[in-house]
Amino acid sequence: MTEDRVKSPLRVVLTDTDVTVVRAWRAAFADTPGIEIRQGSILDERVDAWVSPTNSRGRMDGGLDAVVKRHLGAGIQLRVQRAIRDGFGGRLPVGSAVCVPSGAVNPRFLISAPTMEQSSQNVSETLNVALACAAAFQAVHRQNEAAPGSIGSVALVGMGARIGRVPARVCANLMWTGYTLFGDHTFEDYDELRGTIIAQLDDIEKAPDTERVRIAPPVRGGARR
């Protein structure tokens, strides 16, 4: 079932070392309140959770995953892969995410959201960035439902913009699309989230890459608009 969220108190930080991504975010999120955007390393962000773009097996062997594993220790990969095994049978579909304790004070949690099936996959012609970003915020919802208030702040990088080869402007617009679902809605499961996004963005390649697309979750009995 889809529930509406009138307002989220979550503090969201978008941070990346790539100035092109940062500029694209500033354009895409220009009219979106409550978003902090800056150039820098996610390792410097003091937040409750980091979001790491990953692959479906949770192998933290490249990109930000590898940086995070070096920073938090090899045990973080074991926790991510255990969560994938226990919750998804060992393979985390794009459009899903897991949230695990980091074993550190900062951040307390790591959210792993795959932008690709295999390591180093080119996802520039896919909707994977929107799916991964939306799934990451869905994981925030689920963690806070299980332990209210446990994630009050979260940091994300340019998902798919480096290894996935997604152009910065496209990355920023798809992340905006994924984020807009968070402020107002949550989904009961990831299958519904993926189905909603894919159904509405299926022909997005026909739109100019400067265009942002807002997704309207399906209306059901009990859902409010």
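Here, each number is a calculation from the coordinates, and none is a lab measurement. The structure displayed is predicted, hence computed values, not measured ones. No Cβ is skipped: glycine too gets one built from the backbone with ideal geometry, and neighbour counts run over all protein chains shown.
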Take the Cα gyration tensor of the range 12-146, multiply each eigenvalue by 5, square-root it, and list the three semi-axes largest first, rounded to whole angstrom.
22, 17, 15
Which residues' amide hydrogens lie under 5 Å from the amide hydrogen of A104, considering only partners 5 or more residues apart or on another chain, with H built in the peptide plane?
none
Kindly write out, for the range 32-38 in residue order, the coupling ³J(HN,Hα) from the Karplus curve 6.51 cos²θ - 1.76 cosθ + 1.60 (θ = phi - 60°), rounded to whole Hz, with x marking Gly and Pro.
10, x, x, 10, 9, 10, 7
Subtracting the Cα-Cα distance from 0.36 nm times the residue separation, let me have the gained length for H71 to R38 in nm, one decimal.
9.8 nm
Gaussian network model of the chain, springs between alpha carbon atoms under 10 Å - residue of T186, T15, T126 with greatest fluctuation:
T126
At what distance in angstrom do the alpha carbon centres of the range 23-101 and the range 154-199 lie from each other?
13
Taking θ as phi - 60°, what are the ³J(HN,Hα) couplings along the range 125-135 by the Karplus curve (6.51, -1.76, 1.60), each to the nearest whole Hz, with x for Gly and Pro?
10, 10, 9, 4, 5, 4, 4, 5, 5, 4, 5
Which value, in Å to one decimal place, does the Kirkwood hydrodynamic radius take for the chain when every pair of different Cα atoms is included?
17.2
Exactly which trypsin sites (Lys or Arg not before Pro) in the range 38-68 are in a DSSP loop and have at most 11 other Cβ atoms within 10 Å?
R46
Any residue on another chain or 5+ positions along whose placed amide H is under 5 Å from the amide H of R57 is listed here as L92
About the Cα centre of the range 3-206, what is the dipole size in debye to 20, counting +1 per Lys and Arg Cβ and -1 per Asp and Glu Cβ, all else neutral?
740
Placing +1 on the Cβ of each Lys and Arg and -1 on the Cβ of each Asp and Glu in the chain, which of G75, W50, V12 has its Cα farthest towards the positive end of the resulting dipole?
G75
Please compute the modelled spin-label separation between D18 and Q118, points set 7 Å along Cα→Cβ, answer in nm with one decimal.
2.1
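Can you give the helix-only mean residue ellipticity at 222 nm for the chain, where every DSSP H stretch with n ≥ 4 adds -39500 (n - 2.57) and the sum goes over all residues, rounded to the nearest 500 deg cm²/dmol? Could the numbers behind the result be given before it?
Values: 6 runs with 82 residues, N = 225.
Rounded to the nearest 500, the figure is -11500 deg cm²/dmol.
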I'd like the antiparallel share, as a percent to the nearest 5, of DSSP beta bridges with both residues in the chain.
25
